[in-house]
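Worksheet for the structure shown next.
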Amino acid sequence: MVRLGDMASTVRSKNAGPDCITFDIIFRDAQTYERVKASGALSAERICRLYGLEPERLVHFGAFDPALAFKFTIRRARPSGSPGETDVMGSQMYPPLLDLELPASVLQQSPPAA
């Protein structure tokens, strides 16, 4: 297994309005991105398990090929800035993604083109 934090060039979270937080997982190169995408290791179901979310709190999950990225948005438990809300800007929500385990197959290099 390999950690997502070791494979991605950028893993971040940020405010997406008063009710949502959005996440970006961006890869250094197309080959790594495509191997991770093909592995199925990043999925809406896995994100919900990782963050302990009911599926209806996951607003969007998808791959964005032009940016070599996965993007997802979650609905906050409480609106940004409300009492008990722990991260007004949503910028501290990404760390669980860093240790997310991916299959070792994402490290394999593609064979050279014939």
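Bear in mind these aren't lab numbers, they're just calculated from the coordinates by the rules spelled out. Not measured: the values here are computed from a predicted model. Cβ placement follows ideal geometry from the backbone for every residue including glycine, while neighbour counts extend to all protein chains displayed.
Would you point out the residue of the stretch 68-94, among those that are in contact with a helix residue (DSSP H, G or I) (Cβ under 9 Å, 6 or more places away or on another chain) and not in a strand (DSSP E or B), that is farthest from Phe27 (Cα to Cα)?
Looking at the filtered set, the residue picked out is Ala77.
Within the stretch 14-34, count every residue that is under 14 Å from Asp87 (Cβ atoms), surrounded by fewer than 16 Cβ atoms within 10 Å (Cβ to Cβ) and in contact with a strand residue (DSSP E or B) (Cβ under 8 Å, 6 or more places away or on another chain).
Residues that pass the stated criteria total 2.
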